[in-house]
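This report refers to the structure that appears directly beneath it.
The values are calculated or read from the model by the stated rules, or taken from the named source; none is laboratory data. Keep in mind the model is a prediction, meaning the values are calculated, not measured. Reconstructed Cβ throughout: ideal geometry from the backbone, glycine too, with neighbour counts over all protein chains shown. Accessible surface is based on the protein model in full, side chains and every heavy atom, while ligands, DNA and RNA are left aside. Shrake-Rupley method; radii C 1.70, N 1.55, O 1.52, S 1.80 Å.
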Amino acid sequence: SPLSAWITDRHGARTSLWLGAAVIGVAYATRWPMLGSMWGVGFSVAFVNAGVGLAYGAMPSAIMAFVPPSETASANAIGTLTRAGGASISGAMVGAALTSMTVTVTGDAIPTLDAFHLVFTLSAVAAFAAAGIAWCLPRQAVPSHYVVPTATT
């Protein structure tokens, strides 16, 4: 998070969001060859979490930079709700993929290596899609003095 704050301060929330999503995508895309080693898996998990820290730390800043001040509370609430929904949906999808592609070993069904490959591939694609969306955010934020116009009577 401190790195995300520094990047956001220097280059804007758009850059922090893009960089965080790209780091997550690279971590998932390169996880396949790391599965044979405990250290490789640990490094990959740490790399994903570093990307999450970069991106999640920048999300409130991006939201507040792109909405009028009078709307920041509701916009941040929707951002939080969207993150929670995305985490729930992705967790359910991962669980479905891992439980649908199993092999029986000593009476227990365990996920196959292909199941993990599928999950990592889908995660990488989602992260790179998020990076693309972040890249498309406007470079200029709404000025902090922006006020929502009100109707005059």
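Conditions first: (1) aliphatic (A, V, I, L, M); (2) touching a strand residue (DSSP E or B) at 6+ places or on another chain (Cβ under 9 Å); (3) surrounded by fewer than 18 Cβ atoms within 10 Å (Cβ to Cβ); (4) in a helix (DSSP H, G or I). Residue 110 passes all but one, so which condition is the exception?
Result: residue 110 passes all but (4).
Tell me, yes or no, whether region 93-105 has at least one residue that is in a helix (DSSP H, G or I) and under 18 Å from the mean Cα position of the chain (by Cα).
Filtering region 93-105 for residues in a helix (DSSP H, G or I) gives 93-100.
Then drop every residue that is not under 18 Å from the mean Cα position of the chain (by Cα), which leaves 93-94.
Scanning region 93-105, I find at least one residue that is in a helix (DSSP H, G or I) and under 18 Å from the mean Cα position of the chain (by Cα), so the answer is yes.
Give me the pairs, please: first residue somewhere in region 82-103 and closer than 18 Å to residue 125 by Cα and touching a residue at least 12 places away in the same chain (Cβ under 8 Å), second residue anywhere and of a type in the set (Lys, Arg) and not in a helix (DSSP H, G or I), beta-carbon distance under 9 Å, and either six or more positions apart or on two chains.
Filtered contacts from region 82-103: no entries.
What number of residues in region 75-95 are small (Gly, Ala, Ser) and exposed (fewer than 11 other Cβ atoms within 10 Å of the Cβ)? Can you show your working first?
Filtering region 75-95 for residues small (Gly, Ala, Ser) gives 75, 77, 79, 84-88, 90-92, 95.
Narrowing further to those that are exposed (fewer than 11 other Cβ atoms within 10 Å of the Cβ): 84-85, 87-88, 91-92.
Going through region 75-95 one residue at a time, the tally reaches 6.
Across region 1-43, what is the number of residues that are among the basic types (Lys, Arg) and either in a helix (DSSP H, G or I) or within 19 Å of residue 63 (Cβ to Cβ) (or both)? Before you say what the answer is, go through the steps one by one.
Residues of region 1-43 that are among the basic types (Lys, Arg), as a first pass: 10, 14, 31.
Next, from what is left, pick out any that are either in a helix (DSSP H, G or I) or within 19 Å of residue 63 (Cβ to Cβ) (or both): 10, 14.
Within region 1-43, residues that are among the basic types (Lys, Arg) and either in a helix (DSSP H, G or I) or within 19 Å of residue 63 (Cβ to Cβ) (or both) number 2.
Look at residue 84 and say whether it is part of a helix (DSSP H, G or I), modelled with pLDDT of 95 or more and within 16 Å of the chain's Cα centre (by Cα). Can you show your working first?
Details: part of a helix (DSSP H, G or I): yes; modelled with pLDDT of 95 or more: no; within 16 Å of the chain's Cα centre (by Cα): yes.
Answer is no for this residue.
It is to be established whether one or more residues within region 36-47 are in contact (Cβ under 8 Å) with a residue 40 or more places away in the chain and open to solvent by 40 Å² or more (accessible area, probe 1.4 Å).
Here is the first cut: in region 36-47, the ones in contact (Cβ under 8 Å) with a residue 40 or more places away in the chain are none.
The answer is no; no qualifying residue exists.
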